[in-house]
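Just below is one structure, and these are the notes that go with it.
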Ligand code: FES
């Protein structure tokens, strides 16, 4: 590799490759490529990210307090969170094989930004301490505790490659104290306790099937995290998103979807308007039905796909039943439910 260029890093034994820029640690480069290397402190103290250099030479090594034994050093152990690559290398490193490999964590984060995405959706950005970022898999959720309010489970809308900056989508909902507080009193700098991560709504990296996302309203949040992961691992199969919106509302991040479509030949999306109904629950049910019916009409060979459904809890069973009736094997259906609030 020449000065200022990227290095190629090959994982042993499976041969996956990712690239690292001249200022990227090997850990950061792996996470950006959707590879969930094991780590904890991200600052050279704990040794959790230790990996072995199989071939090539490492570049700069940042200061770390963790000490390797002489025998570890002799066989090439190094810390991925403190090491850069100045040439193409091969490494052996531990990686999360699934949600069971991600420890539960409790982190005190701060609100770094409040971003109005639409009239009734806001993005809350949290920053964790650099030495205590949240390790999670795309699509998972956490519990947020804010200022004495009842704790609330929320899906993480960002991707694990940026584990110190977490994004959440909050819907304006009258009668919900959490939502009302977020829209009226939330301020940057406020402390938020984050516990988790939880949930099995994660991408099947080993699949070779086309993928369909069906997201209702702010159910877009975990879909966004998963789609960003699919793009990071350069998933080769077609990926399609159906985003169903409550009647009369607009998609709040359509520009993101357009950017994904411009950047990737295999990504496409459809925005669908839900139906109006005086009863809120039946309105969600009927709206989701619009999406599911469109999906099964567009994909009559549904059995060859993986489907990720992100919907309010009360409406998930009816959508699930229709998808299974249309030939989707249960093991290819991933469901994330959230409170309608
Ligand atoms: S993650 Fe703790 S030393 Fe690298």
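The values are calculated or read from the model by the stated rules, or taken from the named source; none is laboratory data. Small disclaimer: the values here were computed from a predicted structure and weren't measured. Quick reminder, even Gly has a Cβ in these numbers, built from the backbone with ideal geometry, and neighbours come from all protein chains shown.
For the reader, a short list of remarks on this structure follows.
- Contacts under 6 angstrom Cβ, first residue in the stretch 215-229 being not assigned by TED's automatic domain parsing to the domain that holds residue 142, partner part of a helix (DSSP H, G or I), 6 or more apart: 215/223; 216/288
- Taken as a whole, the stretch 238-249 holds at least one residue that is at pLDDT 95 or above, surrounded by fewer than 22 Cβ atoms within 10 Å (Cβ to Cβ) and outside any strand (DSSP E or B).
- Looking across the stretch 314-341, the residues that are outside any strand (DSSP E or B) and within 20 Å of the chain's Cα centre (by Cα) come down to 332, 339.
- Boolean, residue 106 is more than 16 Å from the ligand (Cβ to nearest atom), assigned by TED's automatic domain parsing to the domain that holds residue 133, closer than 23 Å to residue 158 by Cβ and exposed (fewer than 14 other Cβ atoms within 10 Å of the Cβ): yes
- Qualifying residue in the stretch 275-282 (condition: in contact (Cβ under 8 Å) with a residue 12 or more places away in the chain, part of a strand (DSSP E or B), in contact with a helix residue (DSSP H, G or I) (Cβ under 8 Å, 6 or more places away or on another chain) and surrounded by 13 or more Cβ atoms within 10 Å (Cβ to Cβ)): no
- Residue 188 outside the structural domain of residue 243 (by TED's automatic domain parsing), touching a residue at least 60 places away in the same chain (Cβ under 8 Å), more than 19 Å from the chain's Cα centre (by Cα) and within 24 Å of residue 291 (Cα to Cα): no
- Going through (1) in contact with a strand residue (DSSP E or B) (Cβ under 6 Å, 6 or more places away or on another chain); (2) crowded, with 22+ Cβ neighbours inside 10 Å one by one, residue 202 falls short only on (1).
- Qualifying residue in the stretch 34-41 (condition: without any contact (Cβ under 8 Å) to a residue 40 or more places away in the chain and either in the same structural domain as residue 81 (by TED's automatic domain parsing) or out of contact with any helix residue (DSSP H, G or I) (no Cβ under 6 Å at 6 or more places or on another chain) (or both)): no
- Test result for residue 84, buried (at least 22 other Cβ atoms within 10 Å of the Cβ) and either part of a loop (DSSP other than H, G, I, E, B) or within 14 Å of the ligand (Cβ to nearest atom) (or both): no
- Within the set 12, 16, the sole residue that is within 21 Å of the chain's Cα centre (by Cα) and away from the ligand (no atom under 16 Å from the Cβ) turns out to be 16.
- Meets criteria (in contact with a helix residue (DSSP H, G or I) (Cβ under 8 Å, 6 or more places away or on another chain) and outside the structural domain of residue 135 (by TED's automatic domain parsing)) for residue 261: no
- Some residue of the stretch 63-77 being within 11 Å of the ligand (Cβ to nearest atom), modelled with pLDDT of 95 or more and in contact with a helix residue (DSSP H, G or I) (Cβ under 9 Å, 6 or more places away or on another chain): no
- Enumeration of residues in the stretch 19-42 that are surrounded by fewer than 21 Cβ atoms within 10 Å (Cβ to Cβ) and within 9 Å of the ligand (Cβ to nearest atom): 38, 40, 41
- Scanning the stretch 290-303 for residues that are assigned to a helix (DSSP H, G or I) and surrounded by 13 or more Cβ atoms within 10 Å (Cβ to Cβ) returns 290, 291, 292, 293, 294, 295, 296, 302.
- Within the stretch 297-318, being at pLDDT below 95 and touching a helix residue (DSSP H, G or I) at 6+ places or on another chain (Cβ under 9 Å) holds for 311, 312, 314, 315, 316, 318.
- Selection status of residue 287, assigned to a helix (DSSP H, G or I), in contact with a strand residue (DSSP E or B) (Cβ under 6 Å, 6 or more places away or on another chain) and not assigned by TED's automatic domain parsing to the domain that holds residue 169: yes
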